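Each remark here refers to the structure printed beneath this line.
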Amino acid sequence: MGRELLAVIEQIGREKGIDTGRILEAVESALLTAAKKKYGAAENIQVRIDRKSGEVEAISLKKIVNEVTNPKSEVSLEEARKVDSEAELGDEIGSVIEIEDFGRIAAQTAKQVIFQKVREAEWEVVQREYSARQGDLVNGIILGQERRNYIVDLGKTEAILPAHEQIPRETYRRGDRIKAYLLEVKRTQRDVQVILSRTHPNFIVKLFEAEVPEIAEKIVEIKGVVREPGDRTKIAVASRDRAVDPVGACVGMKGSRVQAVVRELRGEKIDIIAWTQDSRVFIAEALNPAVIEKVGLDEEKKSALVVVADNQLSLAIGRNGQNVRLAAKLTGWKIDIIGASEYEKERVVRDQETRAAIAQQLQEQHARLVQAESAAAAAQQASAEEAEPQTTPAAGATDSEAATG
């Protein structure tokens, strides 16, 4: 029986990737639970499995006392010395419990606990292994769909591709192979959940790392990725080596590398942009495939005004504003786009307003100058009048004489 038990435990360990020591501990715990269920929780019972022979030994321990108050945990010195003549007060003495005596209920309890302990050990293995792979690209096979969530077989465990992490309009059938981004590993009370994603921006990063050796070798660096899954992605790249063109490295010979990524994304458009510290150039590149004529920046408001030819306006904005929206996310600038003709009209209006403002300013300056000159003249006249000498009438002259004089 012992050898057969060890053989079963070793087989479970190999199949589940669990250390046999962990399983032996689980079996011991299960047998202890079963024993306590049959003989009572108050019993001081120990269960041990011999690691070499596989033999199971269950012992009920009791403390040697003068006066027994709890027969389940205590034994008198007299009774103890019947078993062991050298027994002393305060010692513990054990009696062997036959495993067969556990009964049907005890065996069922042991089976349930063993199953639960093995499952917990299995979950720990899965959590440890896949937590280390979090953020990596994984391959799997579709097993089915539950509540719009795909169940994916990763080999050692099953993962979930939630509906909100699926690319819109993308469907799979049982047996289809799939690549995904390992988004999260979380432990619940019931199991360990491995969550996958095909919409996360880092999914694009990992796909390019797999296709472009220069990215895997850190020669080309991905500076930023923005996407609207299923429609369009913009990726900014820079090179640490001046001899390596980052955009060319990502595109590949005749577009082979980027096309491999596009196929995996079921036709999602990808714009590869050369990253630069020059904000004007970066914004212009981010609006690819539109041709940009002018870029004006407001550093304080972190906003940009982009001028394009009239026939490039719709291309620059994109369907439902998608192109300019992604460019704004990629660059971190608020972007406004206008056509060249509208810009010229606004420029003419601005020039007229500027000229009118200058003329108004000149008029106001002239008015202030005239006012200042008038005030100066008045002040000068008043000063001159105060300086003129006044004639005093002679003594004894009549009022009429003084008046005529």
Does residue 263 fit the bill of being surrounded by fewer than 16 Cβ atoms within 10 Å (Cβ to Cβ) and in a helix (DSSP H, G or I)?
yes
Checked the range 278-295 for anything more than 18 Å from residue 235 (Cα to Cα) and surrounded by 16 or more Cβ atoms within 10 Å (Cβ to Cβ); matches are 292, 295
Would a scan of the range 241-258 turn up a residue that is open to solvent by less than 30 Å² (accessible area, probe 1.4 Å) and polar (S, T, N, Q)?
no
Just checking, does the range 268-277 include any residue being open to solvent by less than 20 Å² (accessible area, probe 1.4 Å), under 19 Å from residue 324 (Cβ atoms) and over 31 Å from the mean Cα position of the chain (by Cα)?
no
Mind listing whichever residues of the range 231-240 are under 19 Å from residue 203 (Cα atoms) and open to solvent by 20 Å² or more (accessible area, probe 1.4 Å)?
231, 232
Could you grab me the full set of residues in the range 296-323 that are part of a helix (DSSP H, G or I) and open to solvent by 30 Å² or more (accessible area, probe 1.4 Å)?
310, 311, 312, 313, 314, 315, 317, 319, 320
Number of the exception - residue 156 against (1) under 30 Å from residue 47 (Cα atoms); (2) touching a residue at least 24 places away in the same chain (Cβ under 8 Å); (3) open to solvent by 50 Å² or more (accessible area, probe 1.4 Å)
(1)
Within the range 166-193, residues being among the charged types (D, E, K, R), farther than 16 Å from residue 149 by Cβ and assigned to a loop (DSSP other than H, G, I, E, B) number 1
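So that you can scan it fast, the table gives a plain yes or no per residue for (1) in contact (Cβ under 8 Å) with a residue 40 or more places away in the chain; (2) closer than 21 Å to residue 139 by Cβ; (3) buried (at least 20 other Cβ atoms within 10 Å of the Cβ); (4) not aromatic (Phe, Trp, Tyr):
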| position | (1), (2), (3), (4) |
| --- | --- |
| 191 | yes, no, no, yes |
| 201 | no, yes, no, yes |
| 205 | no, yes, no, yes |
| 208 | yes, yes, yes, no |
| 212 | yes, yes, yes, yes |
| 215 | no, yes, yes, yes |
| 219 | no, no, no, yes |
| 223 | yes, no, no, yes |
| 228 | yes, no, no, yes |
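The values are calculated or read from the model by the stated rules, or taken from the named source; none is laboratory data. Quick caveat: nothing in here was measured; it's all calculated off a predicted structure. Please note: Cβ atoms are built from the backbone with ideal geometry, for glycine as well, and neighbour counts cover all protein chains shown. Remember, those area values only see protein heavy atoms, side chains included, never the ligands or the DNA or RNA. Shrake-Rupley method; radii C 1.70, N 1.55, O 1.52, S 1.80 Å.
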